[in-house]
Amino acid sequence: MPAEKNGRDGGVQSLQRAFELLEHLADTGGEASLSELATLSGLPMPTIHRLIRTLVDLGYVRQNTNRRYALGARLIRLGENASMQFGAWARPLLAELVEEVGETANLAVLERDEVVYVAQVPSKHSMRMFTEVGRRLLPHGTGVGKAMLAHLPASEVRSLLERTGMPAYTEHTFTDPDALAVELSRIASQGYALDEAEQELGVRCVAVAVPGAPVPAAVSVSGPSGRLTAEAVAHIAPAVQRVADALGASLSRTPLSV
């Protein structure tokens, strides 16, 4: 392992490594030991210890009583603000989607095991669906949540469901992990998820995961079941997929400034 650089290059390298450690902590479910982080990162233990102590002092990492390290509370504010900025940036595409399909469009992300709605553009119908931006729901009972879960490893989905449980929002909500696993496989194959009155009676939702997003995210269109018929879904699903793909493509074209 080469010695760490000093000066400006060394500072940039340390910053990069610190962010990589935060991502490793997130990938492990939010908690890991120093030795586990060393294995994941390939960094020497003294470097790991120095970076972690700095992150602990800043509040971005905390040390639990079992001497394992977890993501710190100071990250919550950053994550929530980043999610809302993501929503504001995506609103023009959601507005285009509403113009095309005539129903309410939403953007949601997966944050701390919950679906968080970060943007919405309502339809012009007098009877329309409304979800408050910032609202949190468990992913198993929403179209956006199922769309995101369908693109996560099965082991991660099982762990999430064990942490959250699977309470029923309506009599149509999936409450059995095996049945949900079959549903997620079908969603992954067809490219979009349907919420068939699983979160709210009388409401149907079409949702598509955003490819390449730095955190799980999904776009959806929702409306009364009477308007979102099977024929309407056949027209709406490709439109939602185009917007999700456009969002994903925009995220991958982040300019580099110096």
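The values are calculated or read from the model by the stated rules, or taken from the named source; none is laboratory data. From a predicted model like this one, the values you see are computed outputs, not experimental measurements. Glycine also receives a Cβ, built like all others from the backbone with ideal geometry; neighbour counts cover every protein chain displayed. Calculation scope for accessible area: heavy atoms of the full protein, side chains included, ligands and nucleic acids excluded. Shrake-Rupley method; radii C 1.70, N 1.55, O 1.52, S 1.80 Å.
Here are a few things to note about the model shown:
- Surface exposure of the chain, expressed per residue as accessible area with a 1.4 Å probe, stands at 53 Å².
- Percent RCO, i.e. relative contact order, over the chain, from Cα pairs under 8 Å lying at least 6 residues apart: 14 percent
- FRET efficiency estimate (nearest 0.05) - Cβ-Cβ, residue 233 to residue 53, R0 45 angstrom: 0.25
- The order of 125, 140 by accessible area, most exposed first and with a 1.4 Å probe, is 125, 140.
- Chain lengthening between residue 159 and residue 133 when straightened (0.36 nm per residue, less Cα-Cα): 6.7 nm
- Loop-located trypsin sites (Lys or Arg not before Pro) in segment 155-258 (DSSP state not H, G, I, E or B) with no more than 13 neighbouring Cβ atoms inside 10 Å: 253.
- Were the residues from residue 178 through residue 95 laid out at 0.36 nm apart, the gain over their Cα-Cα distance would be 26.2 nm.
- Extending 7 Å from Cα along the Cβ direction at residue 112 and again at residue 20 yields two label points whose distance is 2.9 nm.
- For segment 79-252, fraction of C-alpha pairs farther apart than 27 Å, in %: 17 percent
- Using Cβ point charges alone (K and R +1, D and E -1), the dipole size of the chain about the Cα centre works out to roughly 900 debye.
- Heavy-atom accessible surface of the chain: percent carbon and sulfur, 1.4 Å: 55 percent
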